[in-house]
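Trainee: Have a look at this one.
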Amino acid sequence: TFLLLSKRHILSEKKLILQDKFINYNYIVYMILQNQITFYSLIELNLSYNNLTDCGGCFILFLISKHSNSLVNLNLSYNELGKYSIHILSSILSQNKTPLKYLDISGNQIGDEMFNKLLLSISNNSTLTHLYTSNNNLGYISSMMLGGILKYDSKLVLIDISNNSLLTDETINPVIAS
């Protein structure tokens, strides 16, 4: 059974879709306090395009880490997540706290440092099979780290790294033979 919150907001016992810039994390907090959302049996959580920011991302990820043991699909794309959110997400992934298979963090501009932290946690994860990281300002360093992780990790079936500059490094000057 589904409860229609608006055209794009669907809530059921197993699935919560709140996307397309209609809410921020304060609304999610309100829904939790009103007992409209529970994380215990949630399988899919889509909070894409909600401008959660790093603070909201931390709050949501903290709730997931403490109260979810069934989440399979998590979409936090285009929410301006920062280093604290990525730190909590990395902890969730490395400790295998949920059976998460699909993770979308596209469009958060996390950069190389945070992406590499995430990759290290993924190497310890036993469930993640799909990782979407397009439009995250990833560069040459991330491509090197990703290559190393993929060499030894066969669980990942799909990694979306589109719209990043993985093959260029402005700090390396090419040597041209004359």
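The values are calculated or read from the model by the stated rules, or taken from the named source; none is laboratory data. Remember, predicted model here, so these are calculated numbers, not experimental data. Glycine gets a Cβ as well: all are built from the backbone with ideal geometry, and neighbour counts include every protein chain shown. With ligands, DNA and RNA removed, areas are computed over all heavy atoms of the protein, side chains included. Shrake-Rupley method; radii C 1.70, N 1.55, O 1.52, S 1.80 Å.
Trainee: Tell me the net charge near ASN75. Cut-off is 11 Å between Cβ atoms, ASN75 excluded, with +1 for each Lys or Arg and -1 for each Asp or Glu.
Mentor: On the way: positive: none; negative: GLU44, ASP104.
Net charge around ASN75: -2.
Trainee: Out of residues 5 or more away from PHE39 or on other chains, whose amide H comes under 5 Å of its own, with H placed 1.01 Å from N in the peptide plane?
Mentor: none
Trainee: Turning to a different aspect of this structure: Using the Cα atoms as the points, what is the convex hull volume per residue of segment 30-105 in Å³? Mind dumping the intermediate values first?
Mentor: Working: hull volume 6.0 nm³, N = 76.
So the per-residue hull volume is 79 Å³.
Trainee: Using each residue's phi in segment 131-148, evaluate 6.51 cos²θ - 1.76 cosθ + 1.60 at θ = phi - 60° and report the 3J(HN,Hα) Karplus result to the nearest Hz, with x for Gly and Pro.
Mentor: 10, 10, 9, 5, 6, 10, 6, 8, x, 4, 4, 5, 5, 5, 5, 4, x, x
Trainee: Hey, if you drop one equal point scatterer on each alpha-carbon of segment 66-113 and run the Debye formula without solvent, what base-10 log of I(q)/I(0) do you get at q = 0.16, 0.22 Å⁻¹?
Mentor: Taking Cα atoms of segment 66-113 as identical point scatterers yields -0.45, -0.83.
Trainee: Starting from a Cα-only point model with no solvent, please compute log10 I(q)/I(0) by Debye for segment 62-150 at q = 0.11, 0.26 1/Å.
Mentor: -0.26, -1.56
Trainee: If you stretched the chain out fully between TYR30 and SER70, how much longer would it get, using 0.36 nm times the residue separation minus the C-alpha to C-alpha distance? All intermediate terms of the calculation are to be shown ahead of the outcome.
Mentor: On the way: separation 40, 0.36 × 40 = 14.40 nm, distance 2.24 nm.
Extra length from TYR30 to SER70 when fully extended: 12.2 nm.
Trainee: Search the structure for amide H atoms under 5 Å from the amide H of ILE159, placed 1.01 Å from N in the peptide plane, and list their residues when 5 or more places away or on another chain.
Mentor: Those qualifying (amide H under 5 Å, at least 5 residues apart or on another chain) are LEU131.
Trainee: A follow-up question, please. Heads up, I need the accessible area for GLU80: 1.4 angstrom probe, whole protein in place, Å², nearest 10.
Mentor: 120
Trainee: Hey, can you grab everything whose amide H is under 5 Å from the amide H of GLY107? Only 5+ residues off in sequence or another chain; H modelled, so Pro and N-termini drop out.
Mentor: Here the answer is TYR78, SER134, ASN135, ASN136, since their amide H atoms fall under 5 Å of that of GLY107.
Trainee: Ok, one more. Can you flag which of LYS14/LYS101; LYS101/LYS155; LYS66/LYS151; LYS66/LYS101; LYS117/LYS155; LYS15/LYS97 are past 21 Å Cα-Cα? Could the numbers behind the result be given before it?
Mentor: Values: LYS14/LYS101 15 Å; LYS101/LYS155 10 Å; LYS66/LYS151 32 Å; LYS66/LYS101 18 Å; LYS117/LYS155 18 Å; LYS15/LYS97 18 Å.
With Cα atoms farther than 21 Å apart: LYS66/LYS151.
Trainee: Classify segment 120-162 from the C-alpha gyration tensor, please: rounded if a/c falls under 1.5, else prolate or oblate depending on whether a/b exceeds b/c.
Mentor: oblate
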